[in-house]
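The block underneath contains the structure these notes are about, expressed in structure tokens.
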Amino acid sequence: MGDVVSGTEANGVPFAVRRLSPHIGGEVIGLDLSRELAPEVVAAVRLAWLQHQVLLFRDQTLTDDDQVRFARMFGEPVGSRSMKQANPNVMLISNVRENGQLIGVLPDGELQFHADSIYLEKPLMGAILYAVELPSTGGNTKFSSTYAAYDALSRDEKRRLSGLTALNAFDYETQVRTGRFDPSKGPHYKHPVVRTHPETGRKGIFVNRLMSQHIVGLPAKESDAILARLWDLCECPEFTYEHVWRVGDVVLWDNRCTQHARTDFPASERRLLRRVGIEGDKPY
Ligand code: SIN
């Protein structure tokens, strides 16, 4: 990798983008996100985001408010009201405990592939993670392109998936699915198995291993077989970029056409990232 694919001072955009993997990810070089960005720069970042699906910005120093302001360039910021951060749009992803209490969510270990909040009617459009404290090894975040996974299906498979919906649920403890989903308890929502991106018009697979329960109206055996095929495609290393974090990294992902997962890391070491979500709309 490493080829600079777009945006240089020479063509009027004050940053360059270096491709991070064949199908997904671009590193934006030359922007300081703690500063206000001009509207034409914001527009160029958005174009790069739509093209690369995941953008990395290294060596940033961001306050909570800076990160929320950056999120607002893409849409309405959303965090988690339960968090005790001064800025209610900021959520901590962390295994750090203060007085025996976790200060964030998604604390420990591996996290299976998922797109955020697809058990809700309007899943996030995207999210921004900022690395504050990291373990000495592991805790990498893998991002996969659901466009690339969809494009790899045969014409017959694409035809078979057209019009199907899946039930997606919040049904996980310690970041791995329990397999004991109870519709009277956690939030759940039916979405198309294949969604169309509202800005690019491209199709991507919209079921994931952590949250998708079954395909509506299909016998369990057939549903399981289709889901297994789609999950395997979405998790195929060829369509994936694995991000090894450095403190100061900012990663912005498009939740409409990507999935992400986390690798294991030592429970004895601190990991703290700040997340700001961006409000989404109803998938179709
Ligand atoms: C997430 O799924 O939002 C968390 C990813 C991570 O901790 O790397």
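A short reminder: the numbers here are calculations on the coordinates, not readings from a lab. None of these values were measured; they are calculated from a predicted model. No Cβ is skipped: glycine too gets one built from the backbone with ideal geometry, and neighbour counts run over all protein chains shown.
Order these peptides, 93-100, 271-278, by their mean beta-carbon neighbour count within 10 angstrom, highest first.
Going by the mean number of other Cβ atoms within 10 Å, highest first, we get 271-278, 93-100.
Sketch the reach of a paramagnetic label on Arg97 as a point 7 Å from Cα along Cα-to-Cβ, and name the residues of the range 257-276 whose backbone nitrogen lies under 12 Å away.
268
Apply the Karplus curve 6.51 cos²θ - 1.76 cosθ + 1.60, θ = phi - 60°, to the phi angles in the range 55-63 and return the couplings in whole Hz, x for Gly and Pro.
Result, ordered by residue: 10, 10, 10, 8, 6, 9, 10, 10, 7 Hz.
Go ahead and estimate [θ] at 222 nm for the chain from helices alone: -39,500 (n - 2.57) per DSSP H run with n ≥ 4, summed, over the residue count, rounded to 500.
Here the helix-only value at 222 nm equals -5500 deg cm²/dmol.
Report, by chain and number, residues whose modeled amide H sits under 5 Å from the one on Val78, excluding near sequence neighbours (fewer than 5 apart, same chain).
Those lying under 5 Å, H to H, from Val78 are Gly277, Ile278, Glu279.
Lysine pairs in the chain 8 or more apart or on different chains: how many have alpha carbons under 26 angstrom apart?
The result is 23.
Calculate, in nm to one decimal, what Thr263 and Ala225 gain on full extension: separation in residues at 0.36 nm each, minus their alpha carbon distance.
11.1 nm
Need one word for the chain: rounded, prolate or oblate. Basis is the Cα gyration tensor (sqrt eigenvalues a ≥ b ≥ c); a/c below 1.5 gives rounded, then a/b vs b/c decides.
oblate
By counting other Cβ atoms within 10 Å of each Cβ, how are Ser154, Ser21, Ser144 ranked from fewest to most?
Ser154, Ser21, Ser144
Provide the gained length on full extension for the span Val247 to Ser34, in nm with one decimal, where the gain is 0.36 nm per separating residue minus the Cα-Cα distance.
Full extension from Val247 to Ser34 adds 75.1 nm.
Filter the GluC sites (Glu not before Pro) in the range 115-158 to those in DSSP coil with at most 14 other Cβ atoms within 10 Å of their Cβ, and list the result.
Listed in order of number, the matching sites are Glu121.
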